[in-house]
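This report concerns only the one structure given below.
Read the figures in this text as sums done on the coordinates, not as results from a lab. All of these numbers come straight from a predicted model, not from anything done at the bench. We place every Cβ from the backbone using ideal geometry, glycine too, and count neighbours over all the protein chains shown.
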Amino acid sequence: MSGRVPPSSRARSRPPLSQRADVQRAARLYERFSGHEAEGFGRIHVADVPAVGVAIGTVDGLLYSTVRDGQLERYIHKFKAADRPLLVVAPDGSQLYLVGGGYDFTERGIVDHTDPTSHRRRR
């Protein structure tokens, strides 16, 4: 016996230090928005943003559904004209991107920068 103890099967499952702060920030944002405790997370593979894309036009609004405080909610966010992101498509048509725009995602959902009630955080 070498005296060395092998790492457990979960020892390598923690994100690197550089990602832990982002994971904690994401959990807090989820909790503030959803009203639910962030219990766990999975990994989502996000392809690198391509160097070339097809600019389709501006995004006037988004429709999305989520569960908040135990209730299914459906939201329609209409971007203010000055805050609209650009809809860009990967060259092969396989992925959509929102590029630019003036908005944040907060406990209120999508908030436009020009919304007078936004109380935008200074970065």
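If contacts are Cα pairs under 8 angstrom and at least 6 residues apart, what is the relative contact order of region 25-123 in percent?
24 percent.
If you take the beta carbon distance between residue 105 and residue 60 as r and set R0 to 22 Å, what does 1/(1 + (r/R0)^6) give as a FRET efficiency, to the nearest 0.05?
0.80
Please work out the Cα center distance from region 20-52 to region 60-123, rounded to the nearest Å.
If we compute the Cα centre of each part, the gap is 16 Å.
Which angle between 0 and 90 degrees, to the nearest 10, do you get for helix 17-34 versus the longest principal axis of the chain when only C-alpha atoms count?
Between the helix axis and the principal axis of the chain, the angle is about 50 degrees.
Using only the alpha carbons, work out the radius of gyration and Dmax of the chain in angstrom.
In order Rg, Dmax, the Cα atoms of the chain give 19.4, 69 Å.
About the Cα centre of region 46-123, what is the dipole size in debye to 20, counting +1 per Lys and Arg Cβ and -1 per Asp and Glu Cβ, all else neutral?
So the dipole magnitude of region 46-123 works out to roughly 300 debye.
Along the charge dipole of the chain, pointing to its positive end and built from +1/-1 on Cβ of Lys, Arg, Asp and Glu, which listed residue (61, 94, 27) has its Cα farthest out?
Checking the options against the dipole of the chain, the answer is 27.
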